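Note sheet for the following structure.
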Amino acid sequence: MRITALTIRILKQIIRDKRTLALLIFAPILVLTMLYLVFDGDDYVPKVGLVNVPEMITEQMDLNEVELTEYSNTTEANEDLENQEIDGYVVLDEQVPAIFLEGSDPSVNSATLRWIQSAFANLQKNGNASELKVDYLHGTSEMGSFDYFGPVLLGFFVFFFVFLIAGVSFIRERTTGTLERLLSTPLRKWEIVIGYVFGFGIFTMIQSTIIAWYAIYVLEMMMEGVFIYVLIITLAIALTALTLGILISSFANNELQMIQFIPIVVIPQIFFSGLFNLETISEWLSWIGPFTPLYYAADALRDVMVRGYGWNEIYINILILIGFSVIFMFLNIIALRKYRRI
C-alpha cells in the first residue's frame, strides 16, 4: 500500500507539472525527428573543377554524381577554391592529372578524390589511382576527423556549459529572493541585466580562455590561425550562451526545468554546427541553421583553426553573435517585468 501511495503521488506530481510532461514527450520526438532528417539526407555530391581538360575526355566521364565546372585557367579555379565554390579542381599536365583540393573537410576530400580517381583512371599510365599527386589549399592528407570537428566541439562545449551554468545560477538568484530584492530597489531593469551579464561574463571569459588554451596547446588541436581570434570567437559565443541561458531561465521554475530545455534549445544546434554536412541534410531542416548561434561560431572557429583565416574572414560571424546577445539581453529586460509585478 505504501508503494502504491508513493507511485500515485509521483504520477499526480508529474501530471500537475504540465511543462515537464510536455517536454518528456515532445523533446525526444523532436530530437529523433531531426536525427531522421539528418541521416536520411542525400549523399554528398562533390563540386569539381576542370582546367583546360579536352572535351573528348570530359565526354567520357560519368557526370551523374558530380557538380562539374570548367575553367580556362588556374587563376579562376583557385579563386573559386578559396571561396569554397568548388571542393577541388584538376589540371592535366602531360596527360597526368594534378589535383588541388580545398582540404578543410576530410569527408569532402574523400568524396572528391574518389570521383576524380574514377573519372581519370583511364589516363593513368599504370592505372594505379593511389599515385595521383594531390595538393591541398588547407590541411594535409594526414588531417584527421578530430582536426576538422575539433573547432566545432570547442564552440559547442563552451556554449553548452555557459548556457547551463548561467541558467541555473539565475534561477538560484530568483529562488533565494535576491532578484526580487534587487527589483525593489531604484535599479532599472536594464541595469540589472547588464550587471548580471558582466558578473557572470567575467567567469565566462576565464572559462572560455582556459578551455580554448587547453584544447589547442594540450590536446594539440589543429591551429593554423592566430590564438587571439579563437579567444574572441569563444568569448562571443560564450556571451551569447550567457544571455540566452538567463533568458531561458525566466521560463523555468527550478533547476530541473532548466535542464529540460537543453534538448529543445541546445541539442538541435549540434545538427547545424558543422558536425554534419549541411548540404546533405534534408531541406526541411537545413533552413534552420542560420537562426542558431552555434552555426556562426563553428564556421568562424573552423576558418581560423583549420583554414588559418584572419579578422576579415570572421568579423561578420562575430558581429552576428554579438547581435544575438543584444537581442537576448533586450528580451531579458522584457522578461524581468513579470518579476517586478510580483
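Couple of notes before you dig in:
- Protection proxy ranking, peptides 112-120, 76-84, average beta carbon neighbours within 10 Å, highest first: 112-120, 76-84
- Rg/Rh for the range 138-230, where both radii come from Cα atoms and Rh is the Kirkwood radius: 1.17
- Span-like helix ranges in the chain, DSSP H, alpha carbon extent 24 angstrom or more, Kyte mean at least -1.0: 18-39, 145-175, 189-213, 227-249, 311-335
- Sorting 9-18, 216-225 by average packing, meaning the other beta carbons within 10 Å per residue, from highest down gives 216-225, 9-18.
- All distinct Cα pairs of the range 218-321 go into the 1/r average, and the inverse of that average, the Kirkwood radius, is 15.0 Å.
- Considering only the Cα atoms of the range 47-126, their convex hull presents on average a projected area of 5.1 nm².
- Working ranking of peptides 61-73, 202-214, 320-332, 285-297 by packing, defined as the average number of other Cβ atoms within 10 Å per residue, highest first, is 285-297, 320-332, 202-214, 61-73.
- Translational diffusion of the chain, estimated by Stokes-Einstein from the Kirkwood radius over alpha carbon pairs at 4 °C in a medium of 1.567 mPa s, is 56 µm² per second.
- Sequence-distant residues sharing a close amide H with Ile86 (under 5 Å, placed H): Leu81
- Rounded percent of accessible protein surface that carbon and sulfur make up, the chain, 1.4 Å probe: 61 percent
The values are calculated or read from the model by the stated rules, or taken from the named source; none is laboratory data. All figures in this text were calculated on a predicted structure; none of them were measured in a lab. All Cβ positions, glycine included, derive from the backbone under ideal geometry; neighbour counts span all protein chains shown. All accessible areas refer to the heavy atoms of the entire protein, side chains included, with ligands and DNA or RNA removed. Shrake-Rupley method; radii C 1.70, N 1.55, O 1.52, S 1.80 Å.
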